[in-house]
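In what follows, a single structure is set out as structure tokens and then discussed.
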Amino acid sequence: MTTALMIILAGAVMLILAAFMGHVLGWASKTFHVETDPRIEQVNLALPGANCGGCGYVGCLEYAEAVVAASEAVDKCTVGGASVAKEIADILGVAVGQSWPFRPAVHCGANFASRLKRSDYRGEKTCASANIVSGIQGCTYGCTGLGDCERSCRFDAIHVVDGLSTVDYEKCVGCGACAKVCPRNIISMVPFKAERMLVVACANQDFGREVKNVCKVGCLGCKACARASDLFSFKDGNIPIIDYDKYDPSAMEGAEVALAKCPMKRLMMIGKPTDKDLEAVADRKKPKVVTADFKTTVDDTEWLG
Amino acid sequence: MTLASELVLIAVGAAVINNFVLHYFVGICPFIGVSRRVDMAFGMGCAVTFVISVAALLSWTFTFYILRPGAPLTSWAVRSVTGKADATLDLSILNYIVYIFVIASSVQLVEMYVRKFFPRLYKSFGVFLPLITTNCAILFACLEIMKHVSVGAGGGAWGAGGGAAWGLAQAMTLAIAGGLGFTIAIVIMAGIREELDHCDLPEALKGPGITLLIAGILALAFMGFSGVDKTLSGLMGGAQ
């Protein structure tokens, strides 16, 4: 009798409680209702969710809100590229403008062996610290090789190879973190109008002998490229600047001449390697990738990183 | 001991001496998770204080009138069914589920409220706002109240009965002071962590490591408050 009564009473208590709370919450959800645009959620789902900040917003959700509410351009997502831009455009019912993927270009081409007057720097191993000290190497414009860009990259796409930052364009998504972090501003974001782009792989603003004193491969400022093509201009200092607005991958005759004329070979094609490049490194051994066997408790795999 | 001095002792005890976070180590997840910025931490403290208060109000009401052994409503129901004048029933098996229910509902309420009126705060809370649902600090407050309500006779509805059992006044004091103590702890922590951003930390200690170390040192510092309650009760002329 008591047990039965207890079960009934317990059930009744829970029912009353549920009815009471349900009533309060129902009232609250009506009173505190927030109108949200369902398109924000849709756009957010279409975005990659990397939260890299490449678009200029804090995260993907902030960009989604800006796209929907403040009519921000739909092609700002560098990670997603054209496909995501099209998806967002479909959701919002707008047309995508012409857009190019931006990828970083390192404006320095000197590895450790080419850089002269290097001192034995024993300070903190970051470019930001090394850049404050004078005389860690002769060239005050070029790469210090301490890898701030490598640490800033969330996609493992830029590495210091023999003292020079080198972009892995297969992995790069173009978020621009490396360009922001470089204290010497030698990484710039270049609109990739073709799979391979022409860049100036030097940032030294000095002329002739002064460059020769500090670097074996630096641009001397001879202006041969500017004579060959109007793509190059010398606005300030002795370094050519490529006008990427004028850059047209289908009309590269002038640029080809400049490429051949450059005495220091500082004009370079970057991006996807050509067949010729692949052939040149074909004899090199690729590291063997060992996959760990998680069935065994003892992990005897080698580290080949 | 008068009701007023009892309330003061409960409040001081819950807020500093037996601080929920730094003495009982409950509510650690928001304490670590939302203590990055002082304004966020303060918002979290307010949210937790509010939820504790609502949960304490509701759980005290349910415990006192329905769930505890010999609760008036239950006794009345049992007596009217069985016809025996002294029949009574103990529904305290329902304690935990009722508390969880009450806490979850009040968190829902807070979430809707914050979302409507403080959208920025709502965004910075992220997942930690719904996580208050499973925040042990709040269940801890409810259980502490249950412990004191279920001790037996005495303790009128407003706590002035003079018995051993707690009334609503004591329960609410514990809840609000406990929430205040949580706010104090999390704001102190956030202040320290803001300064920590400018420090040159060893790589191995960055993030959770140094945070937990600081939490430990803070807890040690709060141990210094123990004994304050004895002095206070002496000052107020009561016998502890």
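The values are calculated or read from the model by the stated rules, or taken from the named source; none is laboratory data. The structure presented is a predicted model; accordingly, all values stated were derived computationally and were not measured. So basically every Cβ, Gly included, is an ideal-geometry build from the backbone, and we count neighbours across all protein chains shown. For the accessible areas, the whole protein counts, side chains as well, though only heavy atoms, and no ligand, DNA or RNA atoms are used. Shrake-Rupley method; radii C 1.70, N 1.55, O 1.52, S 1.80 Å.
With the whole protein complex present, A:PHE112 retains an accessible surface near 70 Å², based on a 1.4 Å probe. Of the residues making up region B:87-107, those losing 40 Å² or more of accessible area when the isolated chain is joined by the remaining protein chains, with a 1.4 Å probe, are B:LEU89, B:LEU91, B:LEU94, B:PHE101, B:SER105.
Under conditions of 10 °C and 1.306 mPa s, the protein assembly as shown yields 53 µm² s⁻¹ as its translational diffusion coefficient, taking Rh as the Kirkwood radius over Cα pairs in the Stokes-Einstein equation.
Amide H contacts of A:THR78: A:CYS55, each under 5 Å away and 5 or more positions distant or on a separate chain (H built 1.01 Å from N in the peptide plane; Pro and chain starts excluded). Couplings 3J(HN,Hα) for region B:168-179, derived from phi with the Karplus relation 6.51 cos²θ - 1.76 cosθ + 1.60 (θ = phi - 60°), are 4, 4, 5, 4, 5, 4, 4, 5, 5, 5, x, x Hz, where x marks Gly and Pro. Per residue, chain A exposes an accessible area of 59 Å² to a 1.4 Å probe, with every protein chain left in place.
Per residue, the convex hull around the alpha carbon atoms of region A:151-286 comes to 140 Å³. Result for chain A in a Gaussian network model with C-alpha springs under 10 Å: among A:PRO263, A:PRO38, A:PRO273, the largest mean-square fluctuation is at A:PRO38.
Kirkwood radius, chain B, all distinct C-alpha pairs, inverse of mean reciprocal distance: 19.3 Å.
Considering only A:GLY163, A:VAL133, A:CYS202, the residue lying farthest towards the positive end of the dipole of region A:90-209 is A:VAL133, judged by Cα position with unit charges set on Cβ.
Per-residue ellipticity at 222 nm, computed for chain A from helices alone with -39500 (n - 2.57) per DSSP H run of at least four residues, works out to -9500 deg cm²/dmol. Cβ screening of chain A for cysteine pairs under 4.7 Å finds these without a partner: A:CYS55, A:CYS60, A:CYS77, A:CYS127, A:CYS139, A:CYS153, A:CYS172, A:CYS182, A:CYS215, A:CYS222, A:CYS225, A:CYS262. Going from the chain on its own to the full set of protein chains, region A:20-36 has these residues losing 30 Å² or more of accessible surface (heavy atoms, 1.4 Å probe, no ligands, DNA or RNA): A:MET21, A:LEU25, A:PHE32, A:VAL34. Dipole size of region A:140-294 about its Cα centre, with +1 on Lys/Arg Cβ and -1 on Asp/Glu Cβ: approximately 380 debye, rounded to the nearest 20.
Annotation: B:HIS198 carries an accessible surface of approximately 150 Å², with a 1.4 Å probe and no ligand, DNA or RNA atoms counted. Chains B and A: buried accessible surface, both sides, probe 1.4 Å, rounded to 100 Å²? Answer for the B-A pair: about 2100 Å² buried.
Just checking the listed ones, B:PHE50, B:PHE62, B:PHE101: in the Gaussian network model of chain B with Cα springs under 10 Å, the one fluctuating most is B:PHE101. Its residue count N sets the reference 2.2 N^0.38 Å, and the alpha-carbon radius of gyration of chain A equals 1.46 times that reference. With contributions of -39500 (n - 2.57) from each DSSP H run of at least four residues, the per-residue ellipticity at 222 nm computed over chain B stands at -20500 deg cm²/dmol.
Here region A:22-97 is treated as a sphere whose radius is the Kirkwood value from Cα pairs; by Stokes-Einstein at 25 °C and 0.890 mPa s it diffuses with a coefficient of 184 µm²/s. When the protein assembly as shown is described by a simple charge dipole with +1 on each Lys and Arg Cβ and -1 on each Asp and Glu Cβ, the residue from B:GLN170, A:ILE8, A:VAL96 located farthest towards its positive end is A:VAL96. Among B:SER35, B:SER75, B:SER106, the largest mean-square fluctuation in a Gaussian network model of chain B, built with springs joining Cα atoms closer than 10 Å, belongs to B:SER75.
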